[in-house]
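The numbers here are math on the coordinates, done by the rules we state, and not lab data. What you see is a predicted model, and the numbers here were worked out from it, not measured in a lab. Cβ sites come from the backbone with ideal geometry, for glycine too, and all protein chains shown count toward neighbours.
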Amino acid sequence: MQHTPFASATPSPSTLPPAAGRYDLYQAIHKALRRLYADTLVRLGQADPDDDAALAPVLAQVRTLCAICEVHYADEDRFMHPALERVQPGCTAAIAVEHETHRATLDAVRERAAVVEASRGATRRQALNRLYQDVAVLMAEDLVHMRVEDEDFNAVLWRHYDDAALQALEGALVATIPPAVMMATLPWMIGALNAPERAAFLGGARQGMPPTVFEAVVAIARQELPPAEWLKLAAALQLPPQ
Ligand SMILES: [Fe+2]
């Protein structure tokens, strides 16, 4: 049976019913990426091209975004796509091509960030504006791309795999993430989720990691979250509030 590859060229209103409690492999990382894209874009738009000290952390965040995206696309290609292709051959073709396009954009973004860093005056102002535009287009394309994965790919996964199989797939994927990238991603992810999603995410993580690593993750949450959100998380996980 032939399947049309899913592609993100024709966005439409969401038609997928709620997941009805099914395990969503994409939700946490995609929320993290949306938050990181949005925050980076705003900071790039505000960055003063004549203030080196103010610009440096913004360019560092651009590089963090590139590193996280690079690992994310590779993880999807390596783990998610084979699982999808096994049950619906051909369905990942268009999305895999979009990963290639996004990777090329990441290279261009990194090069542009280097130009911003090395230049001054009118050249830097122009390069910074182009960098802002490049990140805006990457974000726009990836927002639509992620919607296809959230809806069309999840629909395939939920039809063919139970939650235990999806969690095993996620465990294999997470085990390959370089620790530095994991530590860079967690603050964006923890802050991007809402309170019940955050409690479920960290409650699940607690089961799969040594207590010392979980303590480090909790420390990130305490630092990242506004006090009211931290108290909700502490209550949900029965952690000391201080
Ligand atoms: Fe993707």
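How large is the Kirkwood hydrodynamic radius of the chain, counting all unique pairs of alpha carbons, in Å?
Numbers: mean 1/r = 0.0514 Å⁻¹.
One decimal place: 19.5 Å for the Kirkwood radius.
Could you give the length gained on full extension between Arg34 and Ala7, defined as 0.36 nm per residue of separation minus the Cα-Cα distance, in nm?
Details: separation 27, 0.36 × 27 = 9.72 nm, distance 1.89 nm.
Full extension from Arg34 to Ala7 adds 7.8 nm.
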With the label point 7 Å along the Cα-to-beta-carbon line of Leu143 and a cut-off under 13 Å to each amide N, the hits in region 42-73 are 42
Suppose R0 equals 25 Å; then what is the FRET efficiency for Ala235 and Glu197 from their Cβ-Cβ distance, rounded to the nearest 0.05? 0.95
Given the convex hull over the Cα atoms of region 53-194, what projected area results after averaging over all orientations, in nm²? 9.6 nm²
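For a Förster distance of 30 Å, can you work out the FRET efficiency between the beta-carbons of Ser119 and Ala216, rounded to the nearest 0.05? Write down the numbers at each step before the final one.
On the way: r = 38 Å, r/R0 = 1.28.
E between Ser119 and Ala216, to the nearest 0.05, is 0.20.
State the three equivalent ellipsoid semi-axes of region 101-165, derived from the C-alpha gyration tensor as the square roots of 5 times its eigenvalues, in descending order and whole Å. Intermediate values should be presented prior to the final figure.
Working: eigenvalues 292, 23, 10 Å².
Largest first, region 101-165 gives 38, 11, 7 Å.
As an exercise, use a Förster radius of 35 Å and the Cβ-Cβ distance of Met209 and His160 to find the FRET efficiency, rounded to the nearest 0.05. Could the numbers behind the result be given before it?
Details: r = 28 Å, r/R0 = 0.81.
Taking R0 as 35 Å, the efficiency between Met209 and His160 is 0.80.
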What does the helix-only formula give at 222 nm for the chain: each DSSP H stretch with n ≥ 4 adding -39500 (n - 2.57), the total divided by the residues, and the result rounded to the nearest 500 deg cm²/dmol? -24000 deg cm²/dmol
So what's Rg/Rh here for region 126-215, counting alpha carbon atoms and using the Kirkwood radius for Rh? 1.05
What value does region 193-242 have for Rg/Rh, both radii from Cα atoms and Rh as Kirkwood defines it? 0.92
Could you work out the local net charge near Trp230, counting Lys and Arg as +1, Asp and Glu as -1, over the other residues with Cβ closer than 11 Å to its Cβ? +1
